[in-house]
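Enquirer: I have a structure I would like to understand better, so I am pasting it below and will then ask my questions one at a time.
The values are calculated or read from the model by the stated rules, or taken from the named source; none is laboratory data. Since we're looking at a predicted model, the values are computed, not measured. Cβ atoms come from the backbone with ideal geometry, glycine included; neighbour counts cover every protein chain shown. For accessibility, only protein heavy atoms count, side chains too; no ligands or nucleic acids. Shrake-Rupley method; radii C 1.70, N 1.55, O 1.52, S 1.80 Å.
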Amino acid sequence: MEVMEISRPIMEKMDAFEGCKPVVHSTESVIIRGKTHNKVKPENMYSRLMELFDELNIKKIEKESNKARDFTDKVDTILRKTEEVYDESNGLEGIEKLKNTFEMTGFHAEYAIGQIDDLAVYVVLYMDKSGFGPMFVETMVLRMTEFTS
């Protein structure tokens, strides 16, 4: 399966494909940022991500698990080998730090981690706590050339 075979349907199902922009785009990894006006309530963001994963047959990885930590460390290593990464993300702690930064700056934020075939899948939803503006969707899909389970 190619990275675009899963990243595009994610953005389409979240109604965020039109106008979305790739942050990273290669045959092995893609990070896409988009926005949708089809917002969900903050308390339903995670359940919407789980519905999305079910719709696309993406196997969920529990965020608080050792598997999520190991998986994310490996994804981070692969991404840094193949792309120029300039953010503060560093493993699972980095993702949590980014989520907390969003929340401290006035956003509701939620993310989910999953895997389909040899692809790692991360989807983040965030929106202004005031309810003003769209909900943003970021999707990362990365080929796990060094790790599959």
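Enquirer: When the residues of the stretch 99-141 are narrowed to those that are among the small types (Gly, Ala, Ser) and open to solvent by 20 Å² or more (accessible area, probe 1.4 Å), which ends up farthest from Glu2 (Cα to Cα)?
Expert: Ser130
Enquirer: When you scan the stretch 1-87 for strands (runs of 3 or more DSSP E) that lie fully inside it, which ones turn up with 1 or more residues that are modelled with pLDDT of 95 or more?
Expert: 29-36, 59-61
Enquirer: Which pairs turn up if I take residues in the stretch 40-51 that are on the phi < 0 side of the Ramachandran plot and look for partners that are of a type in the set (Lys, Arg) and part of a helix (DSSP H, G or I) with beta carbon separation below 8 Å, at least 6 apart in sequence or on another chain?
Expert: Val40/Arg48
Enquirer: Please count how many residues of the stretch 94-144 are assigned to a strand (DSSP E or B), of a type in the set (D, E, K, R) and more than 15 Å from the chain's Cα centre (by Cα).
Expert: 1
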